[in-house]
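For reference, the structure discussed in these notes is given below.
The values are calculated or read from the model by the stated rules, or taken from the named source; none is laboratory data. Remember, it's a predicted structure, so these values are computed and weren't measured experimentally. Backbone-built Cβ (ideal geometry, glycine too); neighbour counts: all protein chains shown. Surface areas here come from the heavy atoms of the whole protein model, side chains and all, with no ligands, DNA or RNA. Shrake-Rupley method; radii C 1.70, N 1.55, O 1.52, S 1.80 Å.
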Amino acid sequence: MMNWVIAIAVSVLLISGALFSLAAAIGINRFPDLYTRMHAASKAGTVGSGLLLLAVGLNSLELAVFARSFIGFCFVILTAPVSAHLLAKAAHEAGYRLSGITIKDELKVNRKLS
């Protein structure tokens, strides 16, 4: 009975992780500029890879493997959004323009104030 519960939990984690990763890949291909593409990759990609890591750890049925996958999940959750933010800020300072459909550039407003 417990094997079925674990199999269903792993299946749900795998499918949801794959769907988030697919959404990140579609966002990278479809969004108009660097900043929105980076947002799709960092947010949806982080959740997708984290769910896949948890599925692998849970499927192993070993505490050591699950602990490593959970630590990897925590590392990805903590570092990917921060690094994407810093890369986007550096790209903005380097002069990469936003797409034409962007309404407001808040970093440009903040740069004028300082």
Task: Criterion violated by Asn3 - all others in (1) at pLDDT below 90; (2) touching a Phe, Trp or Tyr at 6+ places or on another chain (Cβ under 9 Å); (3) of a type outside the set (Ser, Thr, Tyr) satisfied - done: (2)
- [ ] List every residue pair whose Cβ atoms sit under 8 Å apart, with the two residues 6 or more apart in sequence or on different chains, where the first one lies in segment 55-82 and is touching a residue at least 40 places away in the same chain (Cβ under 8 Å) and the second, anywhere, is of a type in the set (Val, Ile, Thr) and assigned to a helix (DSSP H, G or I).
- [x] Ala55/Val10; Leu58/Ile6; Leu58/Val10; Asn59/Ile6; Asn59/Val10; Leu61/Ile6
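The rows are residues; the columns are (1) open to solvent by less than 50 Å² (accessible area, probe 1.4 Å); (2) at pLDDT 90 or above.
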| residue | (1), (2) |
| --- | --- |
| Asn59 | no, yes |
| Ile71 | no, yes |
| Ala88 | yes, no |
| Arg111 | no, no |
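Do you know which residues across segment 1-17 are closer than 13 Å to Leu54 by Cβ and open to solvent by 50 Å² or more (accessible area, probe 1.4 Å)? Spell out the reasoning first.
Residues of segment 1-17 that are closer than 13 Å to Leu54 by Cβ, as a first pass: 6, 9-17.
Hits for segment 1-17 are Ser11, Val12, Leu14, Ile15.
Here's the yes/no breakdown for (1) of a type in the set (Phe, Trp, Tyr); (2) in a helix (DSSP H, G or I); (3) over 11 Å from the mean Cα position of the chain (by Cα); (4) modelled with pLDDT under 90:
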{"position": "Val10", "(1), (2), (3), (4)": "no, yes, yes, no"}
{"position": "Ala18", "(1), (2), (3), (4)": "no, yes, yes, no"}
{"position": "Ser21", "(1), (2), (3), (4)": "no, yes, no, no"}
{"position": "Thr36", "(1), (2), (3), (4)": "no, yes, yes, yes"}
{"position": "His39", "(1), (2), (3), (4)": "no, yes, no, yes"}
{"position": "Thr46", "(1), (2), (3), (4)": "no, yes, no, no"}
{"position": "Leu52", "(1), (2), (3), (4)": "no, yes, yes, no"}
{"position": "Ala64", "(1), (2), (3), (4)": "no, yes, yes, no"}
